[in-house]
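A.B. asks: The structure under discussion is supplied below as structure tokens; questions concerning it will follow.
Read-outs: derived from the displayed coordinates by stated rules, not from any lab. As the structure is a computational prediction, the values presented were derived from the model and not from experiment. Neighbour counts run over all protein chains shown; Cβ positions are idealised from the backbone, glycine included.
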Amino acid sequence: MRPVLFTSLLILDAVVVESSAVARVAYLDTRAILQVEFRDGAIYHYRGVPTQTYQDLLRADSKGTYFNHNIRNRFPHAVLRAAPPIAVGSNNKADSN
């Protein structure tokens, strides 16, 4: 699915979750938009996500596994913030101290 911008607004009442992949999630029930913030800093919106799917994500033992099986590639999405690029082979001397 091709990313499409539904809204540029961040949903502010995000819930911090225990996960190695997902940092926070939020849900805008009036528009059925799920916001997922990943540990790498990327933030995505997924449109048309049922309330039950959001609740099941919060209850899942593995948020990343639940997300991959039940949300990723199943709902239209938009990137609100891309993950910052990873610096490779820094030559900064301060890094070696």
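A.B. asks: For Leu9 and Asn68, what does the FRET efficiency come to when R0 = 30 Å and r is the distance between their Cβ atoms, rounded to the nearest 0.05?
C.D. replies: Efficiency, from the Cβ-Cβ distance: 0.70.
A.B. asks: In which sequence would Leu12, Leu58 go, from the one with the fewest C-beta neighbours within 10 Å to the one with the most?
C.D. replies: Ascending number of Cβ neighbours within 10 Å: Leu12, Leu58.
A.B. asks: Can you give the extra length, in nm with one decimal, that the chain gains between Ala82 and Ser20 once fully stretched, where that is 0.36 nm per residue apart less the Cα-Cα distance?
C.D. replies: 20.5 nm
A.B. asks: With labels modelled as points extended 7 Å from the Cα through the Cβ direction, what inter-label distance (nm, one decimal) is found for Thr30 paired with Gln52?
C.D. replies: 2.5
A.B. asks: Counting only other residues whose beta carbon sits under 14 Å from that of Lys63, what net charge do I get with K and R as +1, D and E as -1?
C.D. replies: 0
A.B. asks: Here is a further query. If you rank His77, His45 by fewest surrounding Cβ atoms within 10 Å, what's the result?
C.D. replies: Starting with the residue having the fewest Cβ neighbours, the order is His77, His45.
A.B. asks: May I ask you to evaluate 6.51 cos²θ - 1.76 cosθ + 1.60, the Karplus curve with θ = phi - 60°, for each residue of the stretch 49-56 and list the ³J(HN,Hα) values in order in whole Hz, giving x for glycine and proline?
C.D. replies: Residue by residue, the stretch 49-56 yields 7, x, 3, 4, 5, 4, 5, 5 Hz.
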